[in-house]
1. If you scan region 9-34, which residues turn out to be within 9 Å of the ligand (Cβ to nearest atom), in contact with a Phe, Trp or Tyr (Cβ under 8 Å, 6 or more places away or on another chain) and part of a helix (DSSP H, G or I)?
2. With (1) under 28 Å from T270 (Cβ atoms); (2) away from the ligand (no atom under 16 Å from the Cβ) as the list, and Y187 as the residue in question, which single condition is left unmet?
3. Inside region 307-328, can you point out the residues that are in contact with a helix residue (DSSP H, G or I) (Cβ under 9 Å, 6 or more places away or on another chain), more than 16 Å from the ligand (Cβ to nearest atom) and of a type in the set (S, T, Y)?
4. Return the pair list, or none, for Cβ contacts closer than 9 Å from residues in region 131-158 that are free of Cβ contacts under 8 Å to residues at least 40 places away in the same chain and polar (S, T, N, Q) to residues that are surrounded by 15 or more Cβ atoms within 10 Å (Cβ to Cβ) and part of a helix (DSSP H, G or I), at least 6 apart or on different chains.
5. Could you check, for region 109-123, whether at least one of its residues is more than 17 Å from the chain's Cα centre (by Cα), closer than 27 Å to I304 by Cβ and of a type in the set (G, A, S)?
6. Among the residues of region 281-334, which ones are within 11 Å of T7 (Cα to Cα), in contact with a Leu (Cβ under 9 Å, 6 or more places away or on another chain) and part of a helix (DSSP H, G or I)?
7. Quick check on this structure: which one of I88, I126, I155, I168 is of a type in the set (A, V, I, L, M) and within 24 Å of A15 (Cβ to Cβ)?
8. Quick check on this structure: which one of N89, N108, N98 is within 27 Å of P231 (Cβ to Cβ), away from the ligand (no atom under 12 Å from the Cβ) and of a type outside the set (F, W, Y)?
Amino acid sequence: MNSVNKTPIWFMRQAGRYLPEYKKIRSVHTDFLKVCFDPSLASEISLQPIKRFDLDFIILFADILVIPYALGQKVTFLKNHGPWLNKINSKKDLSYHNMNRCLDKISNIFETLQILKSNKQDKKLIGFCGGPFTVLNYMIEGGSSKSHLRIKSFIKENKKKACELMEILTELSIEYLKKQVESGADYIQIFESWAGLLEKEEYVDFIVKPNAKISKEIKRFARKIKVIHFPRGSKLNYRIFLEHVECDVLSLDEDFPKDLLTTAAEKGITVQGNLSPLVLLEGGKYMEKKVVDVLKNFSDNKHIFNLSHGVLPNTNVKNVEKLISIVRKYESSR
Ligand code: CP3
């Protein structure tokens, strides 16, 4: 094996419901947030996919919605329905007073990272948070949404209130990530999963500027930390994003302008991605071909193999094993 050219590999949602060992823990511990705040369980879950598949990155087990929880919003996860939050209309609806009080409420997560740091061996440890707009989306919608009507009209009709909330979210995310870095994260990923909802000035104000600020502050705090950005669904706006946001790794979904790979290479940015989780779900010869396609598409770039979004709950672990072996065999045959 040529270790110099080895493509590292991990998966978004690598710890989750497709793993029998995860489901076993969740069958006993039914409150999802409590699991996120239990350092012993959360670190065990983070390490489950590493033990099973020997992946190259460990990702902290937590959720992006711990931030609204820290801000005093009610957050619960209903079985088979995803998250539920009491809908808010402005910062007045939050019991938010000061940053440190918020961080205290979620400080167990830093303990999880410390445990992972002392068990990570040669693996890299990823901490994360949601992008401020993506978190705002859940806070305003009160959970998952198909149409996103509430958030879209909120930022148009109540721009001032939206900006106030965005400012709080951006500042809190920065402090939260700094603590994660102090607790042992080597990388941080910012999940801006709903970046694709916005266009033009709104994309610049709600996606580019806050993400640029987070990167800048984290880099200023710790020069060596690697920042992974995931502005999912940005399409042509990926170009604007790269122009303005300091980025060590750009995580790509399947739809991006082809010249972006050249720009990333010129800027020394690693690209991460981008196999569809549906392909992993399907498996078989179709998956084998698609995995090689991804490896070829990114062959002129520094590349971290990943999916274009998280592993789906019904995914067969055999498909995951197969995928990893294709990537590793491809490397050793080059
Ligand atoms: O990637 C990992 O393995 C680390 C842990 C992680 C989780 N959520 C655990 C989780 C990470 C990085 C996240 C990020 C997250 N959470 C995002 C951004 C990425 C994306 O998917 O777009 C978002 C939008 C959330 C909010 C969230 N959490 C939703 C909408 C849901 C319900 C939908 C679903 O997939 O169940 C969750 C729950 C959640 N977060 C689960 C896990 C393992 C499932 C909980 C369970 O039933 O056990």
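1. Those that are within 9 Å of the ligand (Cβ to nearest atom), in contact with a Phe, Trp or Tyr (Cβ under 8 Å, 6 or more places away or on another chain) and part of a helix (DSSP H, G or I): R26, F32.
2. All conditions pass for Y187, except number (2).
3. Across region 307-328, there are no qualifying residues.
4. Filtered contacts from region 131-158: S145/N137; S145/Y138; S145/I151.
5. Yes.
6. Matches in region 281-334: I324, V327, Y330, E331.
7. Exactly one of I88, I126, I155, I168 is of a type in the set (A, V, I, L, M) and within 24 Å of A15 (Cβ to Cβ), namely I126.
8. Just a single option satisfies the conditions, and that option is N89.
The values are calculated or read from the model by the stated rules, or taken from the named source; none is laboratory data. Please read all numbers here as calculations on a predicted model, not as lab measurements. Neighbour counts are summed over all protein chains in view; Cβ atoms, including those assigned to glycine, are modelled from backbone coordinates with ideal geometry.
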